[in-house]
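K.L.:
This structure is in structure tokens; I'll ask about it shortly.
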């Protein structure tokens, strides 16, 4: 790559980083429909025209930011390493650790109620992040098949979290453990 192109690429990276940082800060302060490109450009210390070189509008920026944010959320989930090493412990953690789940989403500007109508893509972004990041963090072979299996597993886990109660707690842990063994036969038996 020529030196001039490398410098230009670095400028693009820095500009997009400044835009994203300013955008995330503004999202903490107000809803998406109250943010203007002018305000964002001022906060990012760029011209409005520079913003439009990178994004068609604020909603395109939001979609990119949401996709990146889902990757960061998945990175923060601390118990993927147990998925194949100790599936029962993984199931206990994911079903039981409400405090951890709450901390992940507490004060998160992407999960506020007023954002729900902008988050149509959140499920697919989260599934993609789970498929990629969870496979890596769990120690599974990074194949397309394992990615799909992980996405399938987590599609089922979501509803379980909402159904969990004192009466069915152990059943859900057992169900999730058995599901992991069925989907990932390489998981260690305890």
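Read-outs throughout are calculated quantities, based only on the coordinates presented, and are distinct from any laboratory measurement. As the structure is a prediction and not an experimental result, all values here were calculated from the model. Here the Cβ is made from the backbone with ideal geometry for all residues, glycine too, and neighbour counts use every protein chain on show.
K.L.:
Please arrange 37, 135 by how many other C-beta atoms lie within 10 Å of their C-beta, fewest to most.
P.N.:
Result, fewest neighbours first: 37, 135.
K.L.:
Counting other beta carbons within 10 Å of each residue's own, what order do 177, 96 fall into, fewest first? The partial results should precede the final answer.
P.N.:
Values: 177 20, 96 14.
Starting with the residue having the fewest Cβ neighbours, the order is 96, 177.
K.L.:
Using a 10 angstrom cutoff on alpha carbons, build the Gaussian network for the chain and name the most mobile of 42, 167, 63.
P.N.:
167
K.L.:
Helix 144-163 versus the longest principal axis of the chain: what angle, 0 to 90°, nearest 10, using Cα atoms?
P.N.:
For 144-163 against the chain, the angle is about 80 degrees.
K.L.:
Then there's this: For semi-axes √(5λ) of the Cα gyration tensor in Å, several values are listed as (i) 31, 18, 16; (ii) 38, 21, 12; (iii) 56, 23, 17; flag the one computed from this structure.
P.N.:
(ii)
K.L.:
Right, another one. Test of understanding: what is the full-extension gain from residue 53 to residue 167, defined as 0.36 nm times their sequence separation minus their Cα-Cα distance?
P.N.:
Separation in residues times 0.36 nm, less the Cα-Cα distance, equals 35.5 nm.
K.L.:
The stretch 125-190 to the stretch 60-87: how many Å between their Cα centroids?
P.N.:
Result: 13 Å between the Cα centres.
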